[in-house]
Every structure is written in structure tokens, then in C-alpha cells.
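Notes to accompany the following structure.
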Amino acid sequence: MWDFSIGRAIGILAGTLPFIALRIVIYFTITLAYVLGTGGAAGVGYGMGMMFGSGEDFAVWGGILGFGMVSFAVYWIREWLLYMVKAAHIAVMVELYEGRRLMPDGKGQIAHGRAVVESRFAEANLLFVLDQLIKGVIRAITGIIGGIGMAIPGLEGVTRFVNTVIRLSLTYVDEIILAHNIRTNSQNPWETGRQGLVLYAQNGGRMVKNAVWLAIVLWLVTAVIFVLLIGPALALVYLFPGAASGFGIAIAVVGALALKAAVLEPFAIAALMQVYFQAIEGQRPDPAWDAKLASVSRKFQDLKDRALAAAGRAA
């Protein structure tokens with residue numbers, strides 16, 4: 001089945017409870033912002049609509065506008081979330097995986113995690129650009145791994161479904177490559193990121209098998225959370241002036257995804273870290289895979305160029 005220890009993944013998670021609590025607070029705040037933004041805008045729309053005799057219609061459009069505005073704000077804070085929370089959390093998980101003593105400098109766990117990230121990535125923008133490049137290369141890896149069978153008549157639909165499952169399962173690869181960067185104490189994150197992607201690709205079968213298992217379990221648990229949240233969300237939305245039940249479903253979706261991001265995603269990262277670090281132990285990046293990725297992904301070539309430039313500056 002899978003190659004990771006559930007107990008060890010939970011143990012790593014339990015060792016980073018301050019980060020889990022911080023993530024819950026952040027994602028709960030985001031969910032609350034959706035509730036207040038949608039409800040507040042629906043109320044404003046309802047009030048304006050009453051002047052024109054169409055309060056409920058204006059309330060619906062106001063709610064849609066409020067939901068969209070909050071979504072836009074969340075989109076723009078994703079860089080901060082990556083740098084200050086996700087990366088710092090991964091840094092602490094790597095230290096727990098390696099059996100190191102946390103906070104050797106006497107700092108709190110969250111401050112220590114941030115200090116580790118800042119020592120590797122001086123600016124949030126650098127980490128964000130690296131993350132986007134890695135995501136682009138992951139799409140190419142997905143195409144290579146999942147493209148088998150496309151030419152077989154009658155299997156196009158099955159292959160598309162398999163490719164979709166593979167794409168969903170590769171959500172956390174960029175976090176695993178970031179963990180590899182931190183674990184190796186890299187001074188050239190572009191080069192370490194390139195090597196990490198090559199190592200991932202040459203162990204793609206094993207990694208995808210475990211990632212698919214995790215994706216299925218995580219989405220099933222998320223679906224259960226969504227079902228549990230629908231009732232309270234619809235009851236809450238019932239208080240919105242003239243609001244449609246669709247807002248309740250949307251808020252239940254946001255709430256379920258928030259809990260998934262706060263608790264389930266770190267579990268998946270802790271599990272896949274085990275598989276990846278064990279798989280690449282003693283391996284070197286395969287030049288054939290390096291060439292293959294360079295031939296199918298412009299972002300991988302960009303990563304190589306940035307790695308060479310960083311090495312030149314260091315020299």
C-alpha cells in the first residue's frame with residue numbers, strides 16, 4: 001500500500017502544535033472573513049435594493065461581490081502565508097524528522113522556524129518565485145508520468161481520470177522540495193530545487209503511489225468535514241438579508257478547505273517527507289531525467305539558469 005508511517009507523521013504533527021494552532025487561527029480568520037464579507041455585502045446590497053424595490057436580488061449580487069473581494073484579498077496574502085507560515089512549519093518538521101533538538105537558540109518554535117527560512121531565503125519574493133517555478137515543473141512531471149496510455153484507443157477517458165487523480169495527488173510536491181532544500185542546508189536554493197525535482201521524477205512511480213493514497217484519504221476526510229459544516233453554514237446564511245442557500249454551501253466549502261489546509265495538509269507533508277527522503281537516500285540526480293525535464297519544461301530550464309547565475313555570483 002503506502003510506504004510511510006502514519007504514527008510517525010502524527011508524531012511530527014504533534015511536535016509542531018504551535019504551528020498547527022497558528023494555522024487554525026489563520027484559516028479560521030479567513031473563513032470568518034468570508035462569512036463577514038459575504039454577509040456584510042449582502043446586507044449592503046439588500047439595503048440599496050430596497051430603494052429600488054428589489055432587495056433580495058441586490059442582496060445576492062452584494063454577497064457575490066463580497067465573496068469575490070475576500071477571495072481577491074486571500075489571493076494576495078498567499079505569498080506571506082507561504083513564507084511566514086508554511087515554509088517555517090516545514091523547517092520545524094524537517095528538524096523533527098532528523099531528530100534534532102528544536103529551538104537550540106532559545107527562541108519559540110514559530111520564531112525558530114521563521115529564522116531558519118530567513119537564513120535560506122532572504123526575501124519572501126525569492127521563495128515565492130522558486131515555489132512558482134517548481135509548480136510549473138511539477139506539471140511537466142505529471143505529464144510525463146501520467147501520459148502513458150493516451151495513444152491507446154478507447155482508454156482516453158480512463159487516462160484523463162487517472163491524470164486528474166495524479167494532478168490532485170501532486171499538490172504537495174513543492175513543499176517536499178522545499179523540505180529537501182532546508183534539509184540539505186542549501187546556499188543555492190535554485191540548484192537544490194533543480195536536483196530535488198530530478199530526484200523526485202526518477203522516483204516518480206513510488207512517490208505518486210503514496211501521493212495518490214494520501215490524496216484519496218484527505219479528500220474523503222475533507223468531504224466528511226464539508227457535510228458536517230453544511231448545516232451550521234446554512235443556518236448562519238439564513239440570517240443574511242435575502243441571501244441564497246448557495247452562500248451557505250460556499251461557506252461550508254471554505255470552512256472544510258480551511259480545516260484541510262490547517263491540519264490535513266501538514267499531515268500529508270509529514271507523510272510524503274518520509275517517502276521522499278527514504279527514496280532518494282544515496283541517490284544522485286540522473287542526467288537523463290535532467291535532460292528530459294529540460295526538454296519538456298521551460299520553467300525547469302529557467303530554474304537551471306537561475307542556479308547557474310547564483311553559483312556564478314557565489315564564485
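Observations
- The residue that is modelled with the highest pLDDT, among those in segment 34-47 that are open to solvent by less than 70 Å² (accessible area, probe 1.4 Å) and farther than 30 Å from Arg114 by Cβ, is Thr38.
- Of the listed requirements (1) under 28 Å from Val296 (Cβ atoms); (2) assigned to a helix (DSSP H, G or I); (3) over 20 Å from the mean Cα position of the chain (by Cα), Gly231 misses just one: (1).
- In segment 218-250, the residues that are touching a Gly at 6+ places or on another chain (Cβ under 7 Å), modelled with pLDDT under 65 and open to solvent by 40 Å² or more (accessible area, probe 1.4 Å): Pro241
- Residue match in segment 136-155 (condition: surrounded by fewer than 21 Cβ atoms within 10 Å (Cβ to Cβ) and modelled with pLDDT of 85 or more): yes
- For first residues located in segment 268-291 and under 17 Å from Val173 (Cα atoms), partners that are among the charged types (D, E, K, R) and outside any loop (DSSP other than H, G, I, E, B) and lie 6+ apart or on another chain with Cβ distances below 7 Å form the pairs Ile269/Glu175; Gln274/Arg8; Val275/Arg206; Ala279/Arg206.
- Enumeration of residues in segment 182-217 that are open to solvent by less than 10 Å² (accessible area, probe 1.4 Å) and more than 25 Å from Ala91 (Cβ to Cβ): Gly204
- The test for being farther than 21 Å from Ala294 by Cα, modelled with pLDDT of 65 or more and not hydrophobic (A, V, I, L, M, F, W, C) holds for Thr164.
- Any hit, segment 48-56, residues being at pLDDT 80 or above and of a type in the set (A, V, I, L, M, F, W, C): no
- Subset tally (residues that are open to solvent by 50 Å² or more (accessible area, probe 1.4 Å) and under 10 Å from Ala262 (Cβ atoms)) for segment 22-33: 3
The values are calculated or read from the model by the stated rules, or taken from the named source; none is laboratory data. None of the values given here were measured: they were computed from a predicted structure. So basically every Cβ, Gly included, is an ideal-geometry build from the backbone, and we count neighbours across all protein chains shown. We work out accessible area using only protein heavy atoms, side chains counted, and drop any ligands, DNA or RNA first. Shrake-Rupley method; radii C 1.70, N 1.55, O 1.52, S 1.80 Å.
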